[in-house]
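Participant: Sharing a structure with you now.
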Amino acid sequence: MATYTIKAEKMVFGGDCICKIEGKTVFVPYAIPGETLEVEIIKDLRDYSIAKICSIKEPSQYRVIPFCQYYGKCGGCNMQHIQTDYQSRLRADILKDAFEREGVEIPEIQIIKGNPQQYRSRFQFHDGGLMARQSNEIIPIETCPCATPEINAYLREIPYEERPKGRVHVFASNKITSIPEGYDKIIIANEEAAQKKKERKMQERSPSGRKLKKQKKIKSRFEGTTVNPLNLCTVSLRGKNITFDVQGFFQSNIDVLEQAIPNVTEGLNGKNVLDMYAGAGTFSVFLADLFENVCLVEHNRDALVYAEQNLSGLKHESYGLSGDTWIKYHAEKHIQRNGEFDAVVIDPPRSGMEKSVCQWLCSSGIPDIRSISCDIATHARDAKFLTRAGYRIEKLFLLDFYPQTCHIESLAWFTK
C-alpha cells in the first residue's frame, strides 16, 4: 500500500486529527496537531478517508508514552498519548470550534478538571472485562489506571473467570455513604430485575410470537417504576447525600462533579427555579438552598423516584414527563400557580433540548439559564437559538469529566 508524509492539522471531535491528501480530507487517529507523520490509507470513502500512522517523523512535544497496558486495544481511552494539560486545551479548542460553526460568540473557555487518573467510578463490564475498540471482543482486564482505587481493588481480588457474566453496572468510590466504613465501597448492580423484565416480555407474546394486546388502565403517578434496593447507592457531594440507581445514569467523575456544582448554581437565587431533565435531582438538591420552590421535570420515572427521596423535606414539585409534554400541558399552569421562573438549569440528553423546550426557553424571558451538555454539537445548536432570541453567553466551561478520552461536556451561562 502507498504511504504519504503529512503534517497533522487540528484535532476534531472524536479525537482524530485531520490532514489533506490529494485534496481529500483524511482522519488520522492517535495523531497530535503539528506532527509530521508517515501514514497509510486504511479506509477510503467518498467524502473522506481514514489513515493509520506508520511512523512518526517529527513528534509533538506533547506526545507521551501511554500509561495503560491496554491502550489502543480497549475501547475506552484514545488520548493517553498526549500530555494531560494539553489534552484539556485540545478539548477546549474542539468545544470552541463547535460554537463558532454555529455562529455563536463565546467568552474565553474556563476548564474544570481533576485527577487525570484514578477518577472513573462508574463502569459497565461485559463478562467481567471491557469491550475492545471497534470490536465485540472482550478484554479481560486486570487493572484500569483511570478507575478509582475501589474499582481496581475489585479487579485485583476477583479473578476474571469469577466475575459476573453479561453486562454488569458497577459503581465504586470512597464517596459512597450507603456502605458502612470498613467495607469495600463498591456496588455491583443486581441484574436479576432486568432478566425478569425480559422474561415477562417473552411471556406477553402469543405462541405465534406476536405481542399480546394489553388492557388499558389508568396508572398512578409513579406506578411502574423499578426501584431495586440492591442497586441503591448514596454518595456524599459537597456535604449532601444523593441517592441513585447504579443501573441508571450518574456521573463517573465525582471530583469534577463536585467542582461543577457551584459553577452551575453560582449567583442564582429567587422564588422559583426549573430543573429540566433533572435526573435523580442532583442539581435540585443544591438549588433548594437558593430558591423557595424547585420544579423538576424528568421523563425517567425511575430516576424521579430517587429525586423525590433526595428532596424529601424540601419544597418542590416534580413531573415524570418529557420536556415536550410538560411544556404543552403543564408549564403555563405551573407558572400561574407559583409565579414566573427566576432561573432554569437544564441538562438534556445527548440529542439536546427538545424543540418545544428550546422554543419555550427562547420566548420565556427567564433571566438566567444554566445549560449543561454531554454533546457539544447539540449544545452549540441550542445556544444558537438562545442567542438569536436575545440571550448571551456570559461564561462557558469545559467540564473535563473524562481525561484520556475525546469525550467533552460543557456548561454555559445564558443571561438576558
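Bear in mind these aren't lab numbers, they're just calculated from the coordinates by the rules spelled out. The shown structure was predicted, so the numbers you read here are calculated from the model rather than taken from an experiment.
Participant: Would you calculate a helix-derived [θ] at 222 nm for the chain, using -39,500 (n - 2.57) for each DSSP H run of n ≥ 4 and dividing by the full residue count, to the nearest 500? Provide the component values of the computation, followed by the final result.
Facilitator: Numbers: 10 runs with 105 residues, N = 416.
-7500 deg cm²/dmol, from helical runs alone.
Participant: Something else now. Dividing the alpha-carbon Rg of the chain by 2.2 N^0.38 Å yields what? Intermediate values should be presented prior to the final figure.
Facilitator: Values: Rg = 23.4 Å, N = 416, 2.2 N^0.38 = 21.8 Å.
In units of the globular-protein estimate, the chain measures up at 1.08.
Participant: What residues qualify as long-range amide H neighbours of Val64, i.e. H under 5 Å apart, gap of 5 or more or another chain, H built at 1.01 Å from N?
Facilitator: For Val64, whose amide H was placed from the backbone, the distant partners under 5 Å are Ile82, Gln83.
Participant: Now for a different question. Give me a comma-separated list of calculated 3J(HN,Hα) values for the range 341-347, in order, Karplus coefficients 6.51, -1.76, 1.60 applied at θ = phi - 60°, integers in Hz, x for any Gly or Pro.
Facilitator: 7, 8, 6, 9, 10, 10, 9
Participant: Which semi-axis lengths, in whole Å and largest first, follow from the square roots of five times the eigenvalues of the Cα gyration tensor of the range 1-96? Before the final figure, lay out each step's value.
Facilitator: Numbers: eigenvalues 90, 46, 36 Å².
Over the Cα atoms of the range 1-96, the ellipsoid semi-axes are 21, 15, 13 Å.
Participant: Calculate one ³J(HN,Hα) per residue across the range 371-381 by plugging θ = phi - 60° into the Karplus curve 6.51 cos²θ - 1.76 cosθ + 1.60, and present them in order as whole Hz with x for glycine and proline.
Facilitator: Coupling constants for the range 371-381: 10, 10, 8, 9, 9, 5, 5, 6, 5, 5, 4 Hz.
Participant: Using modelled backbone amide H atoms (1.01 Å from N, in-plane), which distant-in-sequence or interchain residues come within less than 5 Å of Ser318's amide H?
Facilitator: Sorted by chain and number, the residues that satisfy this are Leu296.
Participant: I would also like to ask the following. Which whole-Hz couplings ³J(HN,Hα) result when phi for each residue of the range 362-370 is put into the Karplus expression 6.51 cos²θ - 1.76 cosθ + 1.60, θ = phi - 60°, listed in order with x for Gly and Pro?
Facilitator: These are the phi-based 3J(HN,Hα) values: 4, 9, 6, x, 4, x, 10, 10, 10 Hz.
Participant: Search the structure for amide H atoms under 5 Å from the amide H of Phe401, placed 1.01 Å from N in the peptide plane, and list their residues when 5 or more places away or on another chain.
Facilitator: Residues meeting the criterion, in which the H sits 1.01 Å from N, are Glu409.
Participant: How far is the Cα center of the range 301-373 from the Cα center of the range 391-407, in Å?
Facilitator: The distance from the Cα centre of the range 301-373 to that of the range 391-407 comes to 22 Å.
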